[in-house]
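S.K.: Structure in structure tokens, see below.
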Number of protein chains: 4
Amino acid sequence: MAGSSFGTIFKVTTWGESHGKAVGAVIDGCPAGLPLAEADIQKYLDRRRPGQSKYTTSRQESDAVEILSGVFDGKTTGTPISLTVYNKDQHSKDYSDIASCYRPGHADYTFDAKYGFRDYRGGGRSSGRETIGRVAAGAVAAKILMEFGITLTAYTRSVGPYTVPDSRLDLSAVTENALFMPDNQTAAEATEYLNTLMKEKNSSGGVIECIIKGMPAGIGDTVFEKLDANLSKAVFSIGAVKSFEIGDGFAVSRATGQTNNDSFFTDENGRITKASNHAGGILGGMSDGDPILLRAAVKPTPSIGAAQKTINKDRESIEIGIKGRHDPVIMPRAVVVVETMAALALTDALFLNASARMDTLKKIYGNSVKK
Amino acid sequence: MAGSSFGTIFKVTTWGESHGKAVGAVIDGCPAGLPLAEADIQKYLDRRRPGQSKYTTSRQESDAVEILSGVFDGKTTGTPISLTVYNKDQHSKDYSDIASCYRPGHADYTFDAKYGFRDYRGGGRSSGRETIGRVAAGAVAAKILMEFGITLTAYTRSVGPYTVPDSRLDLSAVTENALFMPDNQTAAEATEYLNTLMKEKNSSGGVIECIIKGMPAGIGDTVFEKLDANLSKAVFSIGAVKSFEIGDGFAVSRATGQTNNDSFFTDENGRITKASNHAGGILGGMSDGDPILLRAAVKPTPSIGAAQKTINKDRESIEIGIKGRHDPVIMPRAVVVVETMAALALTDALFLNASARMDTLKKIYGNSVKK
Amino acid sequence: MAGSSFGTIFKVTTWGESHGKAVGAVIDGCPAGLPLAEADIQKYLDRRRPGQSKYTTSRQESDAVEILSGVFDGKTTGTPISLTVYNKDQHSKDYSDIASCYRPGHADYTFDAKYGFRDYRGGGRSSGRETIGRVAAGAVAAKILMEFGITLTAYTRSVGPYTVPDSRLDLSAVTENALFMPDNQTAAEATEYLNTLMKEKNSSGGVIECIIKGMPAGIGDTVFEKLDANLSKAVFSIGAVKSFEIGDGFAVSRATGQTNNDSFFTDENGRITKASNHAGGILGGMSDGDPILLRAAVKPTPSIGAAQKTINKDRESIEIGIKGRHDPVIMPRAVVVVETMAALALTDALFLNASARMDTLKKIYGNSVKK
Amino acid sequence: MAGSSFGTIFKVTTWGESHGKAVGAVIDGCPAGLPLAEADIQKYLDRRRPGQSKYTTSRQESDAVEILSGVFDGKTTGTPISLTVYNKDQHSKDYSDIASCYRPGHADYTFDAKYGFRDYRGGGRSSGRETIGRVAAGAVAAKILMEFGITLTAYTRSVGPYTVPDSRLDLSAVTENALFMPDNQTAAEATEYLNTLMKEKNSSGGVIECIIKGMPAGIGDTVFEKLDANLSKAVFSIGAVKSFEIGDGFAVSRATGQTNNDSFFTDENGRITKASNHAGGILGGMSDGDPILLRAAVKPTPSIGAAQKTINKDRESIEIGIKGRHDPVIMPRAVVVVETMAALALTDALFLNASARMDTLKKIYGNSVKK
């Protein structure tokens, strides 16, 4: 089955295994005329790069992206953009022990169940390195969105029980701490918590949040292609995500209509907006013009050093402790993945919307016809 | 944009507005040879029918489904199955007041922002009646799954703050109370809560859960078409859903790797299974053979009788109270929608998986070739 | 497998069997704001209706189309348009003899080979009645194209050996003869030829041509989604088509570069055009602004009264002569099918093209963003 | 718009410009367990390589393919297969003259009309080098088909007026002459014809044919996804193709039902076959088990040395003669492109068909369920 493409009009196909020759992505459907250079993409890849703090693996991966097609004279041409990152520093030997065992919390068993065998080196296709293609492609999507005045900001909202409270949320702090939390104090507390877990060869889950500003109203669809449904799929396609929320999320289950409904009003500029934003910027599957707020709960890193029971391929019980360096939390490296996956979903929704109305189409085609 | 289709191989397209002539669905890609009658589908439609209790609207809609194509001699033929339900008892006049105002929590404004105008009668395409097509098609998917031994059971887990605790969860109780809760005691408490809210012209949110048993291991994809990602999109495409979870869901954010990892073991029948199921039956985007557990948080019914501030189409501030009978909770009628949307996602995943391995394909095509 | 949908953005799904309850189509992705009434569609359906001349079957089928959704206050709303035509005058008994035999030139055997059994009544899904859904949906596409100044005209170019020569081709004659030929003289000759064949219980092939004017330059894609490739698929998906050509078609195989290349020049209005149009209005998969000319060769009606050898389902040799009235030529009724299938392909290409350039997208989204 | 992908289940995305860094393809949906090495693919690429005779350009392109992902221990893993061919010997300077002019018969003008500008180097995305990705991916499809006993053989049937007659068609001769014609005598005559044209700085069109053996009956769909419709799109997506035929092709337009219908009979092995094959192996959109015969008319190479009138980007009339070496015929290099594009269409059709029947699906999933 073909499961490595995302999007209908702005379509991304990723490829590559953790310890194969390279990983990459092909973007098909990027409009012509977008200024684009490798540096635009590298900036995003560097945000997911390990080795930036002691909470992320210290391998020195350069992950330098190369644009192989689709860009000419500094601008996209409308043809497919092929992005490749060659794998270096592969240490294949380090992973030989996982060839025959089914690690708890990993895709080893399900991969074998589906395909009969797997490229076990470094987790193969199920490795976090698979996200390089997404981030590279999503960086291009984010650049397109910026041209329309749409911005995305993702950050770590929680590490285990340590959550940044609304009252202290400060987006300017996100780049000031290694956990990408929008509050340095919570980040400091979370850091201590992680230090303790690392000593115990343990790991922690957490929450990533993303806020999107500048999305025009009316983007998305009424039924299956709801904007929130596609954001949900986009974010849930990231390994380790176990919950996705829009706006107030799970809390709506305990709310009442009187508290949860957001009143509309017209602001001083004559624009329609809402007095509150419990809805998270999406109503009936379509953006309402207010900020879109989404949230993903991320499970603890399954690769832990502590001893765990499991089985090998011969179905025999064994005990394993995962060797090597592993991040005690997934969030710091996944923040940019959530942000870029959201960018992919939004870009495709904008492009699909271009043919929603006859009057818009007439603006495009009304005068182009040779009589 | 085309947003009313779901699925790649088992593809469903729904159509129809609340107060148009009819609503329906076309299933394209149903395999030949499935015994199918209208009664198989009607059974599911009746579960979403209003008028069954005082917590659901008392309109007497018969919602009788008609199969117009794709079935011959009691079996599906492999060609598209067209399912139609004619709208009756439309009371168009009752809804005339919503033509010019933007109801809080509804898609009135976003629809206008997207398309410039809308069929406002009864909510038009954004009405709950749109789900008739989904449920009708999902009933066929559920029947296919049953042929492979796969079953789905959805129920209301919470109404506002009233949640069925694990210790009292009893699936046999689901059909014993009007709220479809798997515990009659919690249902009774929730009922009292709803009675109070109804007096206040208010409404409540809640949680729907669905458990899927019998799914073989290895179904789903490693990257964008992860089984959980598609279940998430399927469920998030239902209006009012604001959160989706698999397995432990949001709780994983506070867990550690040692508590969250599920150990594999081989059971007495030689089958691979897990000692716990925090993962909810999906690892790396593929089913692991254990029960799949999913959960959706549903917002309170936005149509409430209490006075609310909003604006009309001319952007003037107004105050409205939604007239007419409205369910104080969405869950009882949405339970079957969650179940059937999950059935659609699972069926498509199974069919996509049919070409995952050369050895499977050789079983199908190995001997069919004319030499 | 799902094979009854056409298009990516303007997506049509057809359903229905010849002698089932009804046939129809769902259009998903029709832009909002197109004036549309049943009469707009009926006009096209009437062109494919039998009983108009002695060369088409004389059954009195009314084939009245009903719009069940997606239109409000006389305009499309952007939601799916469901179109239904109920089957009448079914004469199921007439077709009982084809239940057990494999008619030469028909899909009886291949249908059984694929699905194991078939709805044999009147050819089931492989009947010409399946095209009702296409024509109904294509009528909507043609109406959209007209709003942009794009027109399509299809006609019968040849009946057997009788071909309208270039020198006598007159589009105004198309509606003047029962064969829809753009020359009454050739039509008269062809009519005599068909009279002879009918006496012999035989049938004839022929050629349908379609000319499209007003298509702006630059529509279509460079690689797989070439405009000619999609037109080819659209037309080849009509039963009985065995050859498809663009421009000079097969004749290019005997041409040289010096004769086949079309020189560009700038016309008096400053528009780019070509001195000749061997290319048929498409270069490199994209429209060049000149008329698009396409051509389909149609096989002789396979249902003939003359005796033919074949086998039954038990693989025994039998001899059959197809009873009942059958058209001796397919072209008169297929002309509108070719025209509407081309309309579907062109409309989808136009919509896909809407996001081809950043400058176009900025016109749509540049000022819509709430700051 | 995204136009560089082909296929639904076995999905190929190509990328790359003639004089960019590289060209390539990503195959998503290749089943796991297919033995695959670069040599399997290189063999096909070498068939489209120039420099093999004086009728193909003499540039020494090595076009060495590299598999970057999706293969492990010599077998496909089920994950995307990334195939890359780096561009060498680019001679960018040679093409600088085409930057500002619109060559007759080329996509220069239509590309500018669509995207506003283009990568003009060597034809950019519209160059014949774009087919490298198709051929590389199609080689994998052909290998899959061979595992099921299905073979494809393409060849040059005509060069200008020189056509191999049925009576002398000998497939074993195809590799014996530089034109890949199945008759050395016709090839010799065609060679003389081409020599004359080359002296005149002219070029010739021709016909490519492909015969497919071993396809099981019942593959393809009844309506839009007819096997012939998809083969038509596949072949028409190759630049320079202006006509596509199945079986008797255009000749059916002059045939009668009595001569064109193929009688079914049961052969000595109890298999259903046809006494003749005017249908070319496809009935009602589905394969009938007999050989599939398809044919494409290819236009003369548009790049000719002789002087031609055209315009430049400023719409001024100019006269050009295309410099550099150009093949006087496209067929020899396009034969393998037709063959591999057909392989892609057939493979996808086979995979889509895997879920056509409940009984087939029960063979796959019937016993895999954990009770």
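S.K.: Taking the conditions exactly as written (over 20 Å from the mean Cα position of the chain (by Cα), of a type in the set (Ser, Thr, Tyr) and surrounded by 24 or more Cβ atoms within 10 Å (Cβ to Cβ)), does B:SER287 satisfy them or not?
M.R.: no
S.K.: Sort out which residues of the stretch B:199-233 are β-branched (Val, Ile, Thr) and either more than 29 Å from A:GLY24 (Cβ to Cβ) or within 7 Å of chain A (Cβ to nearest Cβ) (or both), and write them in order of number.
M.R.: Passing the criteria: B:VAL207, B:ILE208, B:ILE211, B:ILE212, B:THR222, B:VAL223.
S.K.: Any residue in the stretch C:213-236 that's of a type in the set (Lys, Arg): show its pairings with residues that are surrounded by fewer than 24 Cβ atoms within 10 Å (Cβ to Cβ) at Cβ separation under 6 Å, as long as the two are six or more apart or on different chains.
M.R.: Note: pairs meeting the criteria are C:LYS213/C:THR151; C:LYS213/C:PRO291.
S.K.: Within the group A:ARG357, A:ARG325, A:ARG333, A:ARG315, which residue is more than 14 Å from chain C (Cβ to nearest Cβ) and without any contact (Cβ under 8 Å) to a residue 60 or more places away in the chain? Steps first, please.
M.R.: Details: A:ARG357 fails: more than 14 Å from chain C (Cβ to nearest Cβ); A:ARG325 fails: without any contact (Cβ under 8 Å) to a residue 60 or more places away in the chain; A:ARG333 fails: without any contact (Cβ under 8 Å) to a residue 60 or more places away in the chain.
Going through A:ARG357, A:ARG325, A:ARG333, A:ARG315 in turn, the sole match is A:ARG315.
S.K.: If you scan the stretch C:274-312, which residues turn out to be closer than 30 Å to D:ALA2 by Cα and of a type in the set (Ser, Thr, Tyr)?
M.R.: If the condition is that a residue be closer than 30 Å to D:ALA2 by Cα and of a type in the set (Ser, Thr, Tyr), then C:SER287 is the only one that fits.
S.K.: Let me ask something else. May I ask you to verify whether D:GLU189 is over 29 Å from D:VAL85 (Cα atoms), touching a Phe, Trp or Tyr at 6+ places or on another chain (Cβ under 8 Å), at pLDDT 95 or above and surrounded by fewer than 23 Cβ atoms within 10 Å (Cβ to Cβ)?
M.R.: yes
S.K.: While we're looking at this one, here's another question. Run B:LYS242 past the list (1) assigned to a strand (DSSP E or B); (2) in contact with a Pro (Cβ under 9 Å, 6 or more places away or on another chain); (3) of a type outside the set (Gly, Ala, Ser) and report the number of the one that doesn't hold.
M.R.: Failing condition for B:LYS242: (2).
S.K.: Which numbered condition trips up D:VAL174, out of (1) within 18 Å of the chain's Cα centre (by Cα); (2) not in a helix (DSSP H, G or I)?
M.R.: (2)
S.K.: While we're here: Applying the selection to the stretch D:291-309, what residues are within 7 Å of another protein chain (Cβ to nearest Cβ) and closer than 14 Å to D:THR156 by Cα? Reasoning before the result, please.
M.R.: First, the residues of the stretch D:291-309 that are within 7 Å of another protein chain (Cβ to nearest Cβ): D:297-302, D:304, D:306, D:308-309.
Selection gives D:ALA297, D:VAL298, D:LYS299, D:PRO300.
S.K.: For B:THR310, which of the numbered conditions (1) at pLDDT 95 or above; (2) out of contact with any Lys or Arg (no Cβ under 8 Å at 6 or more places or on another chain); (3) outside any helix (DSSP H, G or I) fails to hold?
M.R.: Single failed check for B:THR310: (2).
S.K.: If you check A:VAL336, A:VAL329, which single one turns out to be surrounded by 24 or more Cβ atoms within 10 Å (Cβ to Cβ) and part of a loop (DSSP other than H, G, I, E, B)?
M.R.: A:VAL329
Let's see how each residue does on (1) surrounded by fewer than 18 Cβ atoms within 10 Å (Cβ to Cβ); (2) not in a strand (DSSP E or B):
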| residue | (1), (2) |
| --- | --- |
| B:PHE250 | no, yes |
| B:SER253 | no, yes |
| B:GLY270 | yes, yes |
| B:ASN277 | yes, yes |
| B:ALA296 | no, no |
| B:PRO300 | no, yes |
| B:SER303 | no, yes |
| B:ASP314 | yes, yes |
| B:GLU319 | yes, no |
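S.K.: Looking at the stretch D:184-197, can you tell me whether even one residue there is touching a residue at least 40 places away in the same chain (Cβ under 8 Å) and under 20 Å from the mean Cα position of the chain (by Cα)?
M.R.: Checked against the condition, which is being touching a residue at least 40 places away in the same chain (Cβ under 8 Å) and under 20 Å from the mean Cα position of the chain (by Cα), the stretch D:184-197 yields no hits at all.
S.K.: What is the one condition in (1) among the hydrophobic types (A, V, I, L, M, F, W, C); (2) out of contact with any Phe, Trp or Tyr (no Cβ under 9 Å at 6 or more places or on another chain); (3) within 15 Å of B:LEU294 (Cβ to Cβ); (4) in a strand (DSSP E or B) that B:PHE265 does not satisfy?
M.R.: Here B:PHE265 clears every test but (3).
S.K.: Now a separate question. Kindly provide the set of residues from the stretch B:110-119 that are buried (at least 22 other Cβ atoms within 10 Å of the Cβ), without any contact (Cβ under 8 Å) to a residue 40 or more places away in the chain and more than 8 Å from chain A (Cβ to nearest Cβ), ordered by number.
M.R.: Within the stretch B:110-119, B:ARG118 is the sole residue that qualifies.
S.K.: Only residues that are within 16 Å of C:THR310 (Cα to Cα) and more than 7 Å from chain C (Cβ to nearest Cβ): list them for the stretch D:256-269, please.
M.R.: Matches in the stretch D:256-269: D:THR259, D:ASP267, D:GLU268.
S.K.: Working only within the stretch B:62-88, note down all residues that are more than 18 Å from B:GLU147 (Cβ to Cβ) and in contact with a Gly (Cβ under 7 Å, 6 or more places away or on another chain).
M.R.: Result: B:LEU68, B:SER69, B:THR79, B:PRO80, B:SER82, B:LEU83, B:THR84, B:VAL85, B:ASN87.
S.K.: Can you tell me which of D:ALA342, D:ALA279, D:ALA306 is in contact with a Cys (Cβ under 8 Å, 6 or more places away or on another chain) and of a type in the set (Gly, Ala, Ser)?
M.R.: Working: D:ALA279 fails: in contact with a Cys (Cβ under 8 Å, 6 or more places away or on another chain); D:ALA306 fails: in contact with a Cys (Cβ under 8 Å, 6 or more places away or on another chain).
Matching residue, one of D:ALA342, D:ALA279, D:ALA306: D:ALA342.
S.K.: From the list C:PHE244, C:PHE250, C:PHE265, C:PHE236, pick out the single residue that is over 25 Å from the mean Cα position of the chain (by Cα), at pLDDT 95 or above and either at negative phi or among the acidic types (Asp, Glu) (or both).
M.R.: Among C:PHE244, C:PHE250, C:PHE265, C:PHE236, only C:PHE265 is over 25 Å from the mean Cα position of the chain (by Cα), at pLDDT 95 or above and either at negative phi or among the acidic types (Asp, Glu) (or both).
S.K.: Something else now. Taking the residues in the stretch A:270-290 that are under 17 Å from B:ILE320 (Cβ atoms) and of a type outside the set (Gly, Ala, Ser) as candidates, determine which candidate is nearest to the other protein chains (Cβ to nearest Cβ).
M.R.: A:LEU283
S.K.: Take residues that are buried (at least 19 other Cβ atoms within 10 Å of the Cβ), more than 9 Å from every other protein chain (Cβ to nearest Cβ) and at pLDDT 95 or above and tell me which of the strands (runs of 3 or more DSSP E) falling wholly in the stretch A:6-109 contain 2 or more.
M.R.: A:81-86
S.K.: Kindly indicate whether any position in the stretch A:199-206 is part of a loop (DSSP other than H, G, I, E, B), free of Cβ contacts under 8 Å to residues at least 60 places away in the same chain and farther than 30 Å from B:GLY124 by Cα.
M.R.: Among the residues of the stretch A:199-206, not one is part of a loop (DSSP other than H, G, I, E, B), free of Cβ contacts under 8 Å to residues at least 60 places away in the same chain and farther than 30 Å from B:GLY124 by Cα, which makes the answer no.
S.K.: Return yes or no: is D:PHE236 at the interface with chain C (Cβ under 7 Å from one of its Cβ atoms), hydrophobic (A, V, I, L, M, F, W, C) and under 27 Å from C:MET198 (Cβ atoms)?
M.R.: Numbers: at the interface with chain C (Cβ under 7 Å from one of its Cβ atoms): yes; hydrophobic (A, V, I, L, M, F, W, C): yes; under 27 Å from C:MET198 (Cβ atoms): no.
In short, no.
S.K.: Going by what's in this entry, would B:ARG315 be described as of a type in the set (Lys, Arg) and within 30 Å of A:TYR109 (Cα to Cα)?
M.R.: It is false that B:ARG315 is of a type in the set (Lys, Arg) and within 30 Å of A:TYR109 (Cα to Cα).
The values are calculated or read from the model by the stated rules, or taken from the named source; none is laboratory data. Computed from a prediction, not measured in an experiment: that's the story for all the values here. With ideal geometry, Cβ positions are generated from the backbone for all residues, glycine too; neighbour counts draw on all protein chains shown.
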